[in-house]
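**Q** Input: one structure, supplied below.
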């Protein structure tokens, strides 16, 4: 068992270095199993089983600033608070945490409970030249919440998680007002009282927050139509150093550049998202799904393209290449696997017709149906959404296909467990990372080949071996959003250097082939240089001038995005 | 026949004062028919048949500036060019044109043929303190292209219509590169060579341009999903006084605030949209449609809401209230009429199932199917899109329901002809205007009642009578986009004063009830004050700082938006 487990019951803690809950850190037995699997399946050289770190091993510099005694909300310089607010949850964060490196820990962690507290922290920070880093679930994988504080008197992490209410629900229009610090499960629980759900399930769902999703343009489980949180947002309210701004709650508007879109993706650089209205819906009791296998990856890609270009809008349209299918234990025969799923809150026959046509298209490209088509009508247990089952039903799992069995069930388990597995991998010297993008269909083949080559070469060069897999998380009429996972045997102590070289190869290739540096992982600090390459220089100038207007002292999350 | 008809064959001219082609100005016979209809159906007092104006009656002040002799493109101070570039196509524009008032005519009209010409005009204008007004089809109904030029040495209208190519098509990803000055029919013709269509049909389709659509966030024919041009745009290229910016062609991205969204709705205030990539599709040969009548308007509203909240995404989901149904000669029995239509490029059965379910929902709310459900499979004449028929098929008509007969056919004819009818109405002293908005479902009943009251009262007070009708042009899960048409007997000579009072009543009511000042008519100068009320003050400050960065001399379309 982990040295972090507190056994304090309700006071369940997140690990100070790893993804997720401290009481879910890997046991030695789990690690041994994974180690043999990695060595066997991927042929990696023998991996060490390193000891898990303890907080006692961590040494922090004393805080450079103290919160003012009369601050309206709780604020602390406590070691554990500072340590747990230093990083996000990327591989490089886990590695640094694992090795006890917390040089850039924030000096202060503040816990606002209402909007006036947020304003008070910003006022103090602007006065005292303290950088403010808005913090939600701490699940950034792009350095979104880490800040070295150079040029500032100190750094304050602004933990929004005490602002976690859903204070208002408009059942008629199907929308809810959600506070910025509410996590996925907290939103789910509060909406369940109204028989509603947000149905936005990023992989970080268990910990990440509504405000964080808006600030980073998070991607959810829908493969089409409702891909980003952007598609759910009716209005946003934010506190900036210049004051509060709130957009009008509207289903749509054509009045000038969309003000919501300035805050979506703003990554804390302009202000703090304190709340917003989001579109919600009942739990969809109708499901239709099928799994299709292809011998040839490019046939599967063609099928996927035809399905979305036919505007069939599946909730799930996840194409796993053969490596991804193997890694997730969905197929070991070299097949590529297309998981198709449709859902409806209203009726079965339209999505049944959609699925039938999607399967027909897939078969037309040489696909073999390995499961389904099956349909489901769960109207009889619709009350589930009002009971404890809702948690189970929507723990990011239902997210993917709404079912428990078969290929898509396997896939779902992997999806939810993946970040926990990363903890184990780090602790046995395995370099593990993911990167994702979006690109037009015509560019995808060249990009994909180039990624295979440059990233595999970089892993070979840095680590002597490597494994790369790809899935489509989302698919658009004009192109897919491919998501790559890489694994390589790292030299313990040199992990960051190795990671950097591999990441650079991947990011450079994305830029060279006209892809985006990120489809839903955001920019943060890790993607900043490539982001600046991706968007027009004059646009960046315009963003900088906006920032100067809203954040004249430049205290908001310096180094992120801009 | 009109005094404007030139009979010069190819050199077909737009009217200098009215909507559309000079050779389609109303004949006296047409006007007499309309006059008796207006007096009979609406009970208006007898209307005069005023003489149509001629260009000879118009007197212009001499131009304040001359284009430089060495400008790289054509530029002129010719009277007809200046007159035809003075206004958009709103009621107040037609009235002023009709009465020969062109006080704010631009001094120069420039006709760039390539991007370097645009840059040359902007360079000259910045140097000479000349305001530049980007001009597409001249179809703005919000004063988007009119500029009084005070504080400037002069005004240059930048007519983009010579940049009208579709130079590149990516059939695999279904996207096309379109120049900013290409009109709806020009885009249609060039895409037909590839068997593709944009399928974005604003009512102004015949004259408005791609760049204008992007700059004003134009609304098209799809009632759901693809409602604004925003939804089609992959990338945008614009020339600003600070230089050229071009966003990357991507199906989606999560990297920072979306740069396309800064140019969508920018209304020429930051720069000139010279081209962009837009998503296109084949002509959809599969259609399914039905017309449903309701005795009670609120039942029809409830049905419409349930259809879109079931996520059935009809291409057409147009709800006409009883006045709108009468005005468009669809129903005279006091019914409200819901036109439902689905289309697919791929197959019939999914949309057939969608329509069946939509009809079932409508019937559940007391609707009676008056036409259909009917389906169509036009795959046998799919080649139409490559022939001259394409023009006919997609002249903004097919836009609405893809069919020629019955209720929806009546409706379609009215839609296309409506702006031409406005010409006649202006010429017989009828005040005619439209305004549109979007609002959440829970607010719609209160808003609708208030609009009925305030606008009808204003018409009574100003004109002694008035007629108001409403349709939904678009419908969202969280609210409708109602579109109001008003008609009132005007006092010739006092029309603008009367119009202003009625418009103010409508706009104030929209603001009071949490609606947007415009769903797809843009802000321009007419909506500017209410727009500033709608969006947060700090956001406007941020937009102004962006403008200062991209347009440091403030020459771009001054007075529009900001």
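The values are calculated or read from the model by the stated rules, or taken from the named source; none is laboratory data. Everything numeric here is computed off the predicted structure, so don't read it as measured data. Note: ideal-geometry Cβ built from the backbone for every residue, glycine included; neighbour counts use all protein chains shown.
**Q** Checking residue A:189 against (1) in contact with a strand residue (DSSP E or B) (Cβ under 9 Å, 6 or more places away or on another chain); (2) more than 12 Å from every other protein chain (Cβ to nearest Cβ); (3) surrounded by fewer than 23 Cβ atoms within 10 Å (Cβ to Cβ), which test does it fail?
**A** (1)
**Q** If a residue must be over 17 Å from residue B:136 (Cβ atoms), outside any helix (DSSP H, G or I) and more than 10 Å from every other protein chain (Cβ to nearest Cβ), how many such residues does the range B:220-234 contain?
**A** Here the count works out to 4.
**Q** Now for a different question. Exactly one condition in (1) buried (at least 19 other Cβ atoms within 10 Å of the Cβ); (2) within 22 Å of the chain's Cα centre (by Cα); (3) not in a loop (DSSP other than H, G, I, E, B) is not met by residue A:156; state its number.
**A** (2)
**Q** Within the range A:337-356, track down each residue that is more than 13 Å from chain B (Cβ to nearest Cβ) and within 25 Å of residue B:352 (Cα to Cα). Reasoning before the result, please.
**A** Of the residues in the range A:337-356, the ones more than 13 Å from chain B (Cβ to nearest Cβ) are A:337-341.
Listed by number, the residues that qualify are A:339, A:340, A:341.
**Q** Taking strands (runs of 3 or more DSSP E) that do not extend beyond the range A:241-336, which have at least 3 residues that are closer than 30 Å to residue B:540 by Cα and within 14 Å of chain B (Cβ to nearest Cβ)? Let's see the steps before the verdict.
**A** Details: elements: A:243-246, A:272-279, A:286-294, A:316-320.
Fully inside the range A:241-336 and qualifying: A:243-246, A:272-279.
**Q** While we're looking at this one, here's another question. Tell me whether the range A:452-473 contains one or more residues that are out of contact with any strand residue (DSSP E or B) (no Cβ under 7 Å at 6 or more places or on another chain), in contact (Cβ under 8 Å) with a residue 60 or more places away in the chain and within 14 Å of another protein chain (Cβ to nearest Cβ).
**A** No, every residue in the range A:452-473 fails to be out of contact with any strand residue (DSSP E or B) (no Cβ under 7 Å at 6 or more places or on another chain), in contact (Cβ under 8 Å) with a residue 60 or more places away in the chain and within 14 Å of another protein chain (Cβ to nearest Cβ).
**Q** Could you check, for the range A:200-219, whether at least one of its residues is within 14 Å of another protein chain (Cβ to nearest Cβ), part of a helix (DSSP H, G or I) and under 21 Å from residue A:343 (Cβ atoms)?
**A** Taking the range A:200-219 and keeping what is within 14 Å of another protein chain (Cβ to nearest Cβ), we get A:200, A:202-204, A:208, A:212-219.
Within this subset, residues satisfying the condition of being part of a helix (DSSP H, G or I) are A:212-216.
Imposing the further condition that a residue be under 21 Å from residue A:343 (Cβ atoms) reduces the set to A:213.
Within the range A:200-219, one or more residues are within 14 Å of another protein chain (Cβ to nearest Cβ), part of a helix (DSSP H, G or I) and under 21 Å from residue A:343 (Cβ atoms).
**Q** Which of (1) closer than 19 Å to residue A:246 by Cβ; (2) out of contact with any helix residue (DSSP H, G or I) (no Cβ under 7 Å at 6 or more places or on another chain) does residue B:483 not meet, given it meets every other one?
**A** Among (1) closer than 19 Å to residue A:246 by Cβ; (2) out of contact with any helix residue (DSSP H, G or I) (no Cβ under 7 Å at 6 or more places or on another chain), residue B:483 violates only (1).
**Q** Being in a strand (DSSP E or B), more than 14 Å from chain A (Cβ to nearest Cβ), touching a strand residue (DSSP E or B) at 6+ places or on another chain (Cβ under 8 Å) and buried (at least 18 other Cβ atoms within 10 Å of the Cβ): is that true of residue B:481 here? Lay out the reasoning, then the answer.
**A** On the way: in a strand (DSSP E or B): yes; more than 14 Å from chain A (Cβ to nearest Cβ): no; touching a strand residue (DSSP E or B) at 6+ places or on another chain (Cβ under 8 Å): yes; buried (at least 18 other Cβ atoms within 10 Å of the Cβ): yes.
Spelling it out, it is not the case that residue B:481 is in a strand (DSSP E or B), more than 14 Å from chain A (Cβ to nearest Cβ), touching a strand residue (DSSP E or B) at 6+ places or on another chain (Cβ under 8 Å) and buried (at least 18 other Cβ atoms within 10 Å of the Cβ).
**Q** Give me a count of the residues in the range B:428-448 that are part of a strand (DSSP E or B) and either within 12 Å of chain A (Cβ to nearest Cβ) or within 15 Å of residue A:253 (Cα to Cα) (or both).
**A** So the first thing to find is which residues in the range B:428-448 are part of a strand (DSSP E or B), and the list is B:430-436.
In the following step, the residues that additionally are either within 12 Å of chain A (Cβ to nearest Cβ) or within 15 Å of residue A:253 (Cα to Cα) (or both) were identified as B:435-436.
Residues meeting the conditions: 2.
**Q** Could you please let me know if residue A:69 is touching a strand residue (DSSP E or B) at 6+ places or on another chain (Cβ under 6 Å) and within 17 Å of residue A:154 (Cβ to Cβ)?
**A** Working: touching a strand residue (DSSP E or B) at 6+ places or on another chain (Cβ under 6 Å): no; within 17 Å of residue A:154 (Cβ to Cβ): yes.
When the stated conditions are applied, residue A:69 does not pass them.
**Q** Residues A:241, A:257: which one is touching a helix residue (DSSP H, G or I) at 6+ places or on another chain (Cβ under 8 Å) and either within 30 Å of residue A:159 (Cα to Cα) or surrounded by fewer than 22 Cβ atoms within 10 Å (Cβ to Cβ) (or both)?
**A** A:241
**Q** Among the residues of the range B:504-512, are any farther than 30 Å from residue B:316 by Cβ and within 14 Å of another protein chain (Cβ to nearest Cβ)?
**A** Yes, the conditions are met somewhere in the range B:504-512.
**Q** Just the residues that are touching a residue at least 60 places away in the same chain (Cβ under 8 Å) and either surrounded by fewer than 19 Cβ atoms within 10 Å (Cβ to Cβ) or out of contact with any helix residue (DSSP H, G or I) (no Cβ under 7 Å at 6 or more places or on another chain) (or both), please, taken from the range B:21-33. Break it down into steps so the answer makes sense when it comes.
**A** Filtering the range B:21-33 down to residues touching a residue at least 60 places away in the same chain (Cβ under 8 Å) leaves B:24-26, B:30-31.
Within the range B:21-33, B:24, B:30 meet the criteria.
**Q** Something else: Name the residues in the range B:544-562 that are within 7 Å of another protein chain (Cβ to nearest Cβ) and part of a helix (DSSP H, G or I), would you? Can you show your working first?
**A** Taking the range B:544-562 as the starting set, the residues that turn out to be within 7 Å of another protein chain (Cβ to nearest Cβ) are B:545-546, B:548-550, B:561.
Result: B:545, B:546, B:548, B:549, B:550.
**Q** Could we say that residue A:488 is at pLDDT 95 or above, within 14 Å of another protein chain (Cβ to nearest Cβ) and part of a strand (DSSP E or B) here? Write out each step before concluding.
**A** Working: at pLDDT 95 or above: yes; within 14 Å of another protein chain (Cβ to nearest Cβ): no; part of a strand (DSSP E or B): yes.
For residue A:488, the condition - at pLDDT 95 or above, within 14 Å of another protein chain (Cβ to nearest Cβ) and part of a strand (DSSP E or B) - is not met.
**Q** Conditions: (1) touching a residue at least 40 places away in the same chain (Cβ under 8 Å); (2) out of contact with any helix residue (DSSP H, G or I) (no Cβ under 7 Å at 6 or more places or on another chain); (3) part of a loop (DSSP other than H, G, I, E, B); (4) buried (at least 22 other Cβ atoms within 10 Å of the Cβ). Residue A:144 meets all but one. Number of the miss?
**A** (2)
**Q** Additional query: I'd like the full set of residues that are facing chain B (nearest Cβ under 10 Å) and surrounded by fewer than 24 Cβ atoms within 10 Å (Cβ to Cβ), limited to the range A:513-525.
**A** A:514
**Q** Here is a further query. Cβ contacts < 6 Å: first residue more than 8 Å from chain A (Cβ to nearest Cβ) and modelled with pLDDT of 95 or more, restricted to the range B:526-541; second residue part of a helix (DSSP H, G or I) and surrounded by fewer than 20 Cβ atoms within 10 Å (Cβ to Cβ), any location; separation 6+ or different chain. Result?
**A** B:530/B:511; B:533/B:511
**Q** What about residue B:359, is it more than 14 Å from chain A (Cβ to nearest Cβ), buried (at least 20 other Cβ atoms within 10 Å of the Cβ) and at pLDDT 95 or above?
**A** On the way: more than 14 Å from chain A (Cβ to nearest Cβ): no; buried (at least 20 other Cβ atoms within 10 Å of the Cβ): yes; at pLDDT 95 or above: yes.
So residue B:359 fails the test.
Here's the yes/no breakdown for (1) touching a helix residue (DSSP H, G or I) at 6+ places or on another chain (Cβ under 9 Å); (2) more than 28 Å from residue B:328 (Cα to Cα); (3) surrounded by 15 or more Cβ atoms within 10 Å (Cβ to Cβ):
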site	(1), (2), (3)
B:40	no, no, no
B:46	yes, no, no
B:85	no, yes, yes
B:94	yes, no, yes
B:126	no, yes, yes
